[in-house]
Protein chains: 4
Amino acid sequence: MSGNSFGSIFKLTSFGESHGAAIGGIIEGCPAGLLLDFDFIQKELNRRKPGQSNLTTARKEDDTVEFLSGIFEGQTLGTPIGFIIRNKDQHSTDYTHLKEAYRPSHADFTYQQKYGLRDYRGGGRSSARETACRIVAGAIAKLFLNQRGVQIHAFVKQVGTLKLEKNFDDLDLNNTELNVVRCPDVDMAAQMISAIEAAKKSGDTLGGIIQCVALNVPVGLGEPVFDKLHAVLGHAMLSINATKGFEIGSGFNSANFKGSELNDGFVKTEDNKIATGSNNSGGVQGGISNGMPIYFNVAFKPVATIMQSQNTLDSAGNSVVLEGKGRHDPCVLPRAVPIVESMTAMVLMDFMLLARTNQL
Amino acid sequence: MSGNSFGSIFKLTSFGESHGAAIGGIIEGCPAGLLLDFDFIQKELNRRKPGQSNLTTARKEDDTVEFLSGIFEGQTLGTPIGFIIRNKDQHSTDYTHLKEAYRPSHADFTYQQKYGLRDYRGGGRSSARETACRIVAGAIAKLFLNQRGVQIHAFVKQVGTLKLEKNFDDLDLNNTELNVVRCPDVDMAAQMISAIEAAKKSGDTLGGIIQCVALNVPVGLGEPVFDKLHAVLGHAMLSINATKGFEIGSGFNSANFKGSELNDGFVKTEDNKIATGSNNSGGVQGGISNGMPIYFNVAFKPVATIMQSQNTLDSAGNSVVLEGKGRHDPCVLPRAVPIVESMTAMVLMDFMLLARTNQL
Amino acid sequence: MSGNSFGSIFKLTSFGESHGAAIGGIIEGCPAGLLLDFDFIQKELNRRKPGQSNLTTARKEDDTVEFLSGIFEGQTLGTPIGFIIRNKDQHSTDYTHLKEAYRPSHADFTYQQKYGLRDYRGGGRSSARETACRIVAGAIAKLFLNQRGVQIHAFVKQVGTLKLEKNFDDLDLNNTELNVVRCPDVDMAAQMISAIEAAKKSGDTLGGIIQCVALNVPVGLGEPVFDKLHAVLGHAMLSINATKGFEIGSGFNSANFKGSELNDGFVKTEDNKIATGSNNSGGVQGGISNGMPIYFNVAFKPVATIMQSQNTLDSAGNSVVLEGKGRHDPCVLPRAVPIVESMTAMVLMDFMLLARTNQL
Amino acid sequence: MSGNSFGSIFKLTSFGESHGAAIGGIIEGCPAGLLLDFDFIQKELNRRKPGQSNLTTARKEDDTVEFLSGIFEGQTLGTPIGFIIRNKDQHSTDYTHLKEAYRPSHADFTYQQKYGLRDYRGGGRSSARETACRIVAGAIAKLFLNQRGVQIHAFVKQVGTLKLEKNFDDLDLNNTELNVVRCPDVDMAAQMISAIEAAKKSGDTLGGIIQCVALNVPVGLGEPVFDKLHAVLGHAMLSINATKGFEIGSGFNSANFKGSELNDGFVKTEDNKIATGSNNSGGVQGGISNGMPIYFNVAFKPVATIMQSQNTLDSAGNSVVLEGKGRHDPCVLPRAVPIVESMTAMVLMDFMLLARTNQL
């Protein structure tokens, strides 16, 4: 529980502050012999990077990853993969006025109290800039999973009060990347974009929900008691900045149904495999994957930094009025889609490696 | 990620199948010198134990814990606390008809596939009987926390479609234990009890939501990136049997508000301390406790075992009709209240110990 | 680094004080489907148990292990294996005179300072009684290893100044169990027995060296940098009570040779496999097993408890004269042989499981 | 047991191959507020770096560390400290002839078998170049320890058959840095230097022994059972390249004495503190520090790369004659002195942080 590592066998340890020299990480436990597609990794980073559309912060970062170790002639060596991403477009002076102020719903106060000092520039370690490292590890995990037929699709299901009410199997998830808000439904996407633009114009921000679906996940992933598959997925999702909730399968809606309505009975598929007739379990039973699609929702609060004045305190306990400054996202959900996918990929790959030790 | 351990410094490792000789565990990292109140520990176990009311399974278990080590003259030694709880009232033959069947929404199929064999009696390791071990560790954590003024209250907020819409600070949480359903609102409690009795009569089951509140939590608990306080709390809650969702503070409802509406500005309290005016953050900012009340919801699905016939498959792939047998809970939420509290206590104590290393 | 767990995938967590109700442990990560030979496990415990010969303490313990979980119809379930061994023949009053005294070269002083209190009866947690738990885990690991052809033989190589100068491949290691001192050379064994009896008679104690040999170990075990195979073996051995040193292959003697003399060149074996001509590496190169026999030495100091009077201090800082009392071993090496083997088996099994994740 | 991390609270995770772009690491768990002396850190790196004298390899590396995170205005933030050290003077083509050959007593064969591929240039991950990362972490740990009065001195005690027979308290350990071989005895240092020069001239290599002494270590460090202080120190030392043995206090020599001769009785010091009269325990009793000087020996084999022709096999199983090429150390001990100190510092700091949780 060091706080900077995630995973058991396949493990990412990350470092870096938003306005330091670089962020980066070490990926351990990637089996040797995996052919890395560097274009794919960079494309994944581009899906998260700032400045990709007018819905995101204007901070310009190439987010070019430099791999320093663990790779030889394009293949993983089995040794740790060290990598860095240089910070380039820091406007650190934008934050001087925040040196002593505790921004509402930010980590300024809690970091200051926990550590006795903090890097106030751009949120320091609490900045979502750190999540670029997760994209790198997640992209490598996806390469591993893709070889094995596992597919992961996340998409924006809700922005503000605009909610896509369709089931994921009624959507073409390949459409997700066709619009800047990453919602696979064209009409809803257009509405969401308008809503975010309107919020931006008023100096405000929106939250929402991302749904993630994992297909062709092998049966048997997850550990029985404390590390149930959905518990670790929940941990992974709730470790992403601005998240407030996680639910799998029937989720919070489960309370509205009876056992007789919600139970997933087993049936034979056309190709004679074992499946469940319904999938309220969300692909996980007793904490272990059952081969059905895994799907879950992640709730994000609106971005805390708004372009409006707010009342708060400074470190001396004086009231201050904060004016919104700097470059920020009016809604993080579009950029969070690849982060959700990456964390999902890391969890699934880790459990697939761990599952190799389940039987003699 | 072994699956049987939880915690970093203060750590529980548990063992045991539902119908084996015993369940038990080892608690590591409890500081030396903690005076144990054995009556309190047993009372906590009694809050979870089966047969405590007509809303629960009729299985009779004393759930008497036997401590085997780590304690000397009533105080913790700093060495591991080993303990066992004997299984007594197993009706293992009740399960013979399930030897080959895959019960809907149970772990039979996933365990069989993961391990190649399973203990089919009473769910084996996947049984919620294991959670008694968490109560033991949680009770010890509560003793530690109580010494330091930290209080944890969980209660049943929703059963089926019956939802208590009041905020926790409008409730007298000390009333929770006054009724068998563990809802602090007397009227709502009566309705919930009726609903559970009705479900039981029809051979069906109900789910619901538990809310948990932690008061007087010190500022600075939680680790910045992957082990944010709410991520670890989410992990803890989602590791409890039958859980499908977790949300903290404004949770899934966050999407319906703008940043300007949801942000928690800092204010001075009457006794000149720093607090937030509102508490949509749920006591956690940037993954770290800010001293405000921590509150979160946990969603439970209805119990999978129902007293109705269900269609499913056996291990040979043949269709079978399952008849409900054995002794089961029509609704687990009342018994899950102390489990939620215990996992919360374990998380908070662990982070309090870890926080001792944050500064020079 | 909790101090009570050993291993990564295959992991033992132990608990228990010498004069408490019981010692025991939890074994995690044993693959499902391993057929357990309970007679074998008990025989291994008997090799360590007190009272087995006149060379050991007279404390009478059956050391009967009770398995509580993780096993079904004789096979491992993949779930944690909980077990306890009751303490029976405690003579706790033998230790009342030690309540305040700090015995020379014991852990009384360090435990008291570290924890602020201690269980002074029989050494509490610092007693070698804890090692019985290692035997249980080690015996299970041996069953796993034996299925795969891996063999582990430890034997007493030195007692006091009596040192067996032969190489292990010039000895019949199957003779080890033929005498009470566990030295495979009959003549040397007789001398060692006499030496121990003489020490016992004079109220004194002897140390010595145990050598351990592992045969047919697969190539590729051990992790490159910090968890080199010999580093983890060293850790394992130095965690056994009374050990003062560890050396592998040419060990401390390496300093007396040049690189040209010590290097192990690769050669082809008669059956066309790759081996090394010499084996100064002790079967480990770059921290990873190379398929050659692994052999290492473990140094034990003489038992600290002697039947002579000794000067020391009590907790108030007063000088006291301690008289030897209680039942103790004049030389622990014979009983330590199965402990050394058990820790070796645990390390090898753990690395064999971990190695399943090295390649795609 | 990932193999790339060391430590529990204060933890180093390292990455990097000898001839890759860079080596580096992440240091977690350093408390916030530690003032870093960057000159000191670089000086420590210089003590290890190649080319510092004619006794070492001629490879020229500045070994300049670039810190990327975790530091703000010269102080640690409590967040992970990421750092890299660029590789500059790689002569990778020197190794082309080794692409298929298995060098005697190197890790070529074991890596190839373990991972199915390897970076053959300069030993890849198995190169001791990785130890530069340990110096960085160790230097930071020393800064923490120095603030608290803990001092660590390692020195070369033996080179080839030349052994310094004096006790560490009969030496002035401040003299260690006065000569290139890092032996505090001037006469012995001169002999050792001559011996290494002679070995170098003949294309051969020498091993030896380093002794390390830690003074003013607080009482109570180390965990009771598996993570005894000397077990973790042993693990740390045996993880250093080319090590073959570890012994603490009376070590392997313990076998030559009786309990009555070796026991360390407690006495009062002049300033009324509790100490032991003798220190055969080496400062550790029951696995926990007792406040006396900690001292231990580490055995190093001669460097495996010699400038003489050697017979071995290639990956196809053909016999090949290897000619020594490249730039190598005739004796690694002088450069290993700061590595031994660094690993010791890391262990002690980690246990000091962990010890904060021992009592209420």
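The values are calculated or read from the model by the stated rules, or taken from the named source; none is laboratory data. All values reported here derive from a predicted model rather than from experimental measurement. Virtual Cβ from ideal backbone geometry, glycine too; neighbours counted across all protein chains shown. Only protein heavy atoms, including side chains, enter the accessible area calculation; ligands, DNA and RNA are left aside. Shrake-Rupley method; radii C 1.70, N 1.55, O 1.52, S 1.80 Å.
Sorted from shortest to longest, the distances between the residue C:275 label points of this copy and the other copies are 5.5, 5.6, 7.8 nm, with each point 7 Å from Cα along the line through the beta carbon.
Summed over both chains, the area buried between B and A is near 8300 Å², taken from the accessible surface of protein heavy atoms with a 1.4 Å probe.
For A:115-123, what's the mean count of beta carbons from other chains sitting within 10 Å of each residue's beta carbon? Display every interim value, and only then the final one.
Numbers: counts 14, 10, 9, 5, 7, 1, 1, 0, 1.
Taking all residues of A:115-123 together, the mean is 5.
Restricting to DSSP loop positions (anything but H, G, I, E, B) with no more than 16 other Cβ atoms inside 10 Å of their own Cβ, which trypsin sites (Lys or Arg not before Pro) remain in region C:27-93?
Numbers: sites: C:43, C:47, C:48, C:59, C:60, C:86, C:88; in loops: C:59, C:60, C:88.
Answer in residue order: C:60, C:88.
Bridgeable lysines around residue A:268 (alpha carbons under 28 Å apart, same-chain partners fewer than 8 residues away excluded): A:166, A:228, A:258, B:99, B:114, B:244, B:301, B:325. For chain B, the membrane-span-like helix rule (DSSP H, alpha carbon extent of at least 20 Å along the helix axis, mean Kyte-Doolittle at least -0.5) picks out B:131-147, B:186-201, B:333-354; this says nothing about an actual membrane.
Using the Cα centre as the reference, give the magnitude of the dipole from point charges on the C-beta atoms of region A:5-358 (Lys, Arg: +1; Asp, Glu: -1; all else neutral), rounded to the nearest 20 debye.
On the way: 35 positive and 37 negative charges, 127 e Å.
Charge dipole, region A:5-358, about its Cα centre: 600 debye, nearest 20.
Would you mind calculating the relative contact order of region B:136-269 from Cα pairs under 8 angstrom and at least 6 residues apart, reporting the percent as a whole number? Could you put the intermediate results ahead of the total?
On the way: 110 pairs, mean separation 30.6, N = 134.
Once normalised by length, the contact order is 23 percent.
For peptide C:274-280, the mean count of partner chain Cβ atoms within 10 Å of a residue's Cβ comes to 3.
Residue of chain A with the Cβ closest to the rotation axis carrying A onto C, and that distance rounded to whole Å: A:356, 2.
Overall, region A:56-119 carries a charge dipole of about 280 debye about its Cα centre when +1 sits on the Cβ of Lys and Arg and -1 on the Cβ of Asp and Glu, all other atoms neutral.
Cross-link partners of residue C:200 among aspartates and glutamates, defined as those whose alpha carbon lies under 16 angstrom from its own and excluding same-chain residues fewer than eight positions apart: C:323, C:329, D:261. Between copies, residue C:96 shows label-point distances of 5.6, 7.6, 8.3 nm, shortest first, with the point placed 7 angstrom from Cα along Cα to C-beta.
What is region D:206-260 by shape, rounded, prolate or oblate, if you read a ≥ b ≥ c off the alpha carbon gyration tensor as root eigenvalues and call it rounded for a/c under 1.5, prolate for a/b larger than b/c, and oblate otherwise? Display every interim value, and only then the final one.
Details: a/c = 1.65, a/b = 1.11, b/c = 1.48.
Oblate, since a/c reaches 1.5 and b/c is not below a/b.
Ascending distances from the residue B:314 label point to its copies in the other chains, with the point 7 Å along the Cα-to-beta-carbon line: 6.2, 7.3, 7.7 nm.
Between rounded, prolate and oblate, where does region A:110-244 land on the alpha carbon gyration tensor, with a ≥ b ≥ c its root eigenvalues, rounded for a/c under 1.5, else prolate if a/b exceeds b/c?
oblate
Considering all projection directions equally, how large on average is the shadow of the alpha-carbon convex hull of region A:5-358, in square nanometres? Before the final figure, lay out each step's value.
Values: hull surface 77.1 nm².
Mean projected area of the Cα convex hull: 19.3 nm².
Consider a paramagnetic label point 7 Å from the Cα of residue D:40 along Cα→Cβ; state which residues of region D:133-158 have an amide N under 18 Å from it. Only D:134-154 fall inside the zone, counting backbone N under 18 Å.
Rolling a 1.4 Å probe over the protein heavy atoms leaves residue C:166 with an accessible area of roughly 90 Å². Applying 0.36 nm per residue to the separation of residue A:278 and residue A:64 and subtracting their alpha-carbon distance, the gain on full extension is 72.7 nm. Residues whose amide H comes within less than 5 Å of that of residue B:285, counting only those at least five positions distant or on another chain, are B:290 (H built at 1.01 Å from N in the peptide plane). Under 5 Å from the amide H of residue B:103 lie the amide H atoms of B:108, B:109, each residue being 5 or more positions distant or on a separate chain, with H modelled from the backbone and absent for Pro and chain starts. Simple spin-label estimate for residue D:308 and residue A:54 gives 7.7 nm between the two label positions (7 Å along the Cα-to-Cβ direction from each Cα). Here the spin labels are modelled as points 7 Å beyond Cα on the Cα-Cβ line, and at residue D:356 and residue B:180 they lie 4.9 nm apart. A straight line joining the Cα centroids of region B:85-120 and region C:203-222 runs 42 Å. Taking the accessible area of the protein assembly as shown, probe 1.4 Å, and keeping the other protein chains in place, the carbon and sulfur fraction comes to 47%.
Charged neighbours of residue B:257, selected by a Cβ distance under 13 Å, balance to 0 (K, R count +1; D, E count -1).
Remark: accessible surface ordering of C:120, B:102 (largest first) is C:120, B:102, probe radius 1.4 Å. Averaged over peptide C:16-26, the number of partner chain Cβ atoms lying within 10 Å of each residue's Cβ comes to 6. Between residue D:169 and residue C:201, the distance separating the two model label sites (each 7 Å from Cα on the Cα→Cβ line) works out to 3.6 nm. Ranked by the mean number of other Cβ atoms within 10 Å of their residues, highest first, the peptides C:292-303, D:339-350 fall in the order D:339-350, C:292-303. At a probe radius of 1.4 angstrom, the accessible area of chain C per residue rounds to 30 square angstrom.
Note on residue C:43: lysines with a C-alpha under 21 Å away, same-chain residues under 8 apart excluded, are C:60, C:88, C:142.
Give the shape of the protein assembly as shown as rounded, prolate or oblate, defined through the alpha-carbon gyration tensor: a ≥ b ≥ c are the square roots of its eigenvalues, a/c under 1.5 means rounded, and otherwise the shape is prolate if a/b is larger than b/c and oblate if not. Prolate. For region C:5-358, the relative contact order works out to 22 percent when only alpha carbon pairs closer than 8 Å and six or more residues apart are counted.
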